[in-house]
Structures are given as structure tokens and as C-alpha cells.
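Following: one structure in C-alpha cells, then a few remarks.
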Amino acid sequence: MKLGFNEGCDRFCENHSVYRDLELCEQYGFDYIDIQSECLDRDLAADKYTLEDLGAWFQSHRLKMLSYNALCGFNMKATQAEKDAVVDELDEIIRRCRILGCGMIVVVPSCDIAQEATRPEIRADAVEVLRGMLSRTEPYGIRLSLEFCGAPGMTINRFEDAYAIVQEIDSPLVGVTLDQYHFNAMASGWDALEQADGRKIFIWHLNDTEDVPCGARYNTDEKRLWPGDPRGCLDHARFADTLKKIGFEGDACTLEVFRPDYYRLSQEENVRTAAQCTRAHVDRYWNHA
């Protein structure tokens, strides 16, 4: 099992830069990085470097980019202009991925939509939109990974709904991002995960969380913890054992937390701690007999 780092962990650390994340992730033994779109956009706007600079870095180093994280709010658009904006954003991300050597884009559902919609209506729309997106990414072999988000206002907020969408599309280039926090936050069903085809899970986001009620307004990303924190409540052994049993082939777990306390660390201390926690977790839960 290889180690991945998501820039959600340190995106608001003082003087953060993507380029520095690349150096630190390689230094502390990560194999992959998920580059966060907001971090990249911020640095490009500040002229800290170019996409071509980052692409050249990846070509000459061991660390690789696992995913572009993310295209947010892709579904349930009310107007043609909104739909066209999603396509335009996707095309720009494809251009960036080709420069960066990235073969996967995380897509995140829309939140707090104005119109009421049933789960079947949301699923049908997501299938249609993702098939259209796939027609644009497939020529480049770029995969799409649908990340359900465990919040009441999210249009796709449980594993079983995301998995049903991916099943209906039935393409080796479309899968699910399984985030442990999101799985817990809206009480996704273990039975659904245990019956899933692990090959359709592309990304495994590792984290822990405080034990707060499902669906509570304060059950937010800020409650996330490093795995191994004694305040955490997630069943790590069950996640790891289930992924093994269903044939997860992602070959990496990527640490993703968004805790304000951790943003007060220096960027280096944040990445170093993340590496230690991820390695300890893999050694304990994935490599055990």
C-alpha cells in the first residue's frame, strides 16, 4: 500500500505553496499527492510558478500526482449556461492534467440546490452528466472519481448512491472516491460497501473524526482528525479489512483532513506529521496478517 497526501491537510498553513508540498511530500516518503484546485489556482494567480514548471518537476521526481481534486458542483444544473460552465471547467482541468501527468479527476456533487429532487432524479442527472464528461476525458485515458460528501445538503451524500451511479455508467474509467469521514458523517451502509466491487473504488481517503451525530450542523470537515488520534471514532480495521476483501486495487490511501488546528502548524511540520500518521496506519491496518 502506497502513501498519498491530499493538500486539504495543509492548504491554509502559513506561506503554503503547491511547489513546496511536492518537495516535502517527496522528502517525507509519500508516493502520491492530490493537488487541490484552490491551492493551485491561488499559486498560479500569484505567478509563483507555471503549470509547465510543475509538470517538469513531476517528470524528474519519484512523487506522482494521483488526482486533480476537484471539479466541484458538477450536477443538477438548472440552466444551460451553468451546464456549459461545468464543461468549460472540465476542459481546463483536462488541459492541466495533461501537463501535470495526472490521470484522474475527482468530481464532487452540488450542494444546497434550489430545486427539490428525489434520489432517482439526482442519480439520473448524475449518470447523464458523467457520461458526457467521460466522452471528453476518455480520449486521454483520464479517470473520473465520484466523491460522495457526507452532508445533508449534498445531492450525493452516501456511498450507496455514488456506487449506484458508477454501476449504471459501467465504465472502467468511472469510479468512487471513498472518504472515511464522509462515509461516517451520513451513515453510509457497511452492507453496501461490503458488497461492492473494489475495482470501482479509485481513491481511499484516510482520516478519523470526532464522534459527533450524523447530519448535525456542526458535523463538518473541521471535526476530522489524524488517524490514530485517541479522540477518533472510526473503525479503521473494518475499513481496511473490507477493502481487502472486495478487491480494492487503488494501491494507495491518501490522507485528507481539514482541521484548523493543523493549519497552525508549519507546512513542513504538517506534511511530516501526515506522513508519520499515514505510514503508521498502513503498517497497523493494511500490512497486518
Karplus-derived 3J(HN,Hα), 6.51/-1.76/1.60, for each residue of region 138-144, Hz, glycine and proline x: 4, x, 9, x, 8, 8, 10
Test of understanding: express the Cα radius of gyration of region 136-289 as a ratio to 2.2 N^0.38 Å, with N the residue count. 1.05
Among DSSP bridges having both ends in region 103-210, what percentage is antiparallel? Round to the nearest 5. 10 percent
How far is the Cα center of region 118-177 from the Cα center of region 1-67, in Å? 26 Å
May I ask you to give the percent of accessible area on the chain that is carbon plus sulfur, with a probe radius of 1.4 Å? 46 percent
Accessible solvent surface per residue of region 60-121, calculated while the other protein chains remain in place, 1.4 angstrom probe, Å²: 50 Å²
Using θ = phi - 60° and the Karplus curve 6.51 cos²θ - 1.76 cosθ + 1.60, what whole-Hz ³J(HN,Hα) does each residue of region 238-255 get, with Gly and Pro shown as x? 5, 4, 5, 5, 5, 4, 4, 5, 8, x, 4, 10, x, 6, 7, 10, 10, 6
Tail beyond 22 Å, pair distance distribution of region 219-289 (Cα, percent): 27 percent
Once amide hydrogens are built 1.01 Å from N within the peptide plane, the residues lying 5 or more places from Leu66 or on another chain with amide H under 5 Å from its amide H are Ile33, Asp34, Ile35
Normalised by the residues of the chain, what does the relative contact order come to in percent, with Cα pairs under 8 Å and at least six apart? 22 percent
Using the Kirkwood formula on alpha carbons, the hydrodynamic radius of the chain in angstrom works out to 19.2 Å
Quick one: grab Rg to one decimal and Dmax as a whole number for region 103-197, Cα atoms only, in Å. 12.9, 36
Between their Cα atoms, which of Lys2/Lys48; Lys2/Lys244; Lys200/Lys223 are more than 18 Å away from each other? Lys2/Lys48; Lys200/Lys223
Please list, ordered by chain and number, the residues whose modelled amide H lies under 5 Å from the amide H of Val174; skip anything fewer than 5 residues away on the same chain. Leu144
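Solvent-accessible area per residue for region 186-289 at a 1.4 Å probe radius, Å²?
Value returned for region 186-289: 46 Å² of accessible area per residue.
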Report the charge-dipole magnitude of region 157-263 in Debye, nearest 20, computed about the Cα centre from +1 at each Lys and Arg Cβ and -1 at each Asp and Glu Cβ. 100 debye
Largest first, how would Cys233, Cys97 line up by accessible area (1.4 Å probe)? Cys233, Cys97
So how strong a dipole does the chain carry about its Cα centre when Lys and Arg Cβ are +1 and Asp and Glu Cβ are -1, to the nearest 20 debye? 520 debye
Sequence-distant residues sharing a close amide H with Gly73 (under 5 Å, placed H): Val108, Ser110
Can you compute the helix-only [θ] at 222 nm over the chain? Use -39500 (n - 2.57) per DSSP H run of at least 4 residues, normalise by all residues, nearest 500 deg cm²/dmol. -12500 deg cm²/dmol
In whole angstrom, and with the biggest value first, how far do the Cα coordinates of region 3-104 range along each principal axis? 46, 28, 28
Normalised by the empirical 2.2 N^0.38 Å for globular proteins, what value does the Cα Rg of region 101-140 take? 1.43
Residue-wise HN-Hα coupling along region 164-172, computed from phi with Karplus coefficients 6.51, -1.76, 1.60 (Hz; x: Gly, Pro): 4, 5, 5, 4, 5, 5, 6, 10, x
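The values are calculated or read from the model by the stated rules, or taken from the named source; none is laboratory data. Computed from a predicted structure; not experimentally measured. Cβ coordinates were reconstructed from backbone atoms using ideal geometry, including for glycine residues, and neighbour counts include every protein chain displayed. Note: accessible area is taken over every heavy atom of the protein model, side chains too, but ligands, DNA and RNA are not part of it. Shrake-Rupley method; radii C 1.70, N 1.55, O 1.52, S 1.80 Å.
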